[in-house]
């Protein structure tokens, strides 16, 4: 748990220098990179191929870092496995809240969307590799 306003430092001062014209010119390496990405996105993929790619991405993700931001500018950070249900966040909150019996809800932004289905896993909820969820009392 940490205080959000103290944890976020102002960005360092950036020198206000202009880039030379050569910086903005397209190099052969840039051109080949653009053509390669264009060629990859050109092909339509079957559902089976998309599912296989998603399964490969899932195996690479080993943790979900969830930050719960409270109205008083405190943040609770916890690490979960992507296959765990979102209910684990609610279970953790019931342990750390001083008055867990008061009705509360969690939501994400933008747009403000209340988390209602706690049975889905973190990957299905879109919380992998990490997410900031907001806490509010009803």
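Does residue 72 satisfy being without any contact (Cβ under 8 Å) to a residue 12 or more places away in the chain and in contact with a strand residue (DSSP E or B) (Cβ under 9 Å, 6 or more places away or on another chain)?
yes
Filter the range 85-131 down to residues that are assigned to a loop (DSSP other than H, G, I, E, B) and either surrounded by 14 or more Cβ atoms within 10 Å (Cβ to Cβ) or in contact with a helix residue (DSSP H, G or I) (Cβ under 6 Å, 6 or more places away or on another chain) (or both), then give me how many there are. Outline the logic, then answer.
Looking only at the range 85-131, we keep the residues that are assigned to a loop (DSSP other than H, G, I, E, B), and these are 86, 97-103, 109-112, 115-120, 126-129.
Still in the running and either surrounded by 14 or more Cβ atoms within 10 Å (Cβ to Cβ) or in contact with a helix residue (DSSP H, G or I) (Cβ under 6 Å, 6 or more places away or on another chain) (or both): 86, 97, 100, 115, 118, 120, 127-128.
So the answer is 8.
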Helices (runs of 4 or more DSSP H) wholly inside the range 1-83 that include at least 3 residues being within 21 Å of the chain's Cα centre (by Cα), modelled with pLDDT of 80 or more and over 30 Å from residue 104 (Cβ atoms): 47-60
Just to be sure, is residue 114 under 25 Å from residue 2 (Cα atoms) and without any contact (Cβ under 8 Å) to a residue 24 or more places away in the chain? yes
When you go through 88, 113, 95 one by one, which is the residue that is in contact with a strand residue (DSSP E or B) (Cβ under 7 Å, 6 or more places away or on another chain), at pLDDT 90 or above and over 24 Å from residue 62 (Cα atoms)? 113
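The values are calculated or read from the model by the stated rules, or taken from the named source; none is laboratory data. From a predicted model like this one, the values you see are computed outputs, not experimental measurements. As a convention, Cβ positions derive from the backbone with ideal geometry for all residues, glycine included, and neighbour counts pool all protein chains shown.
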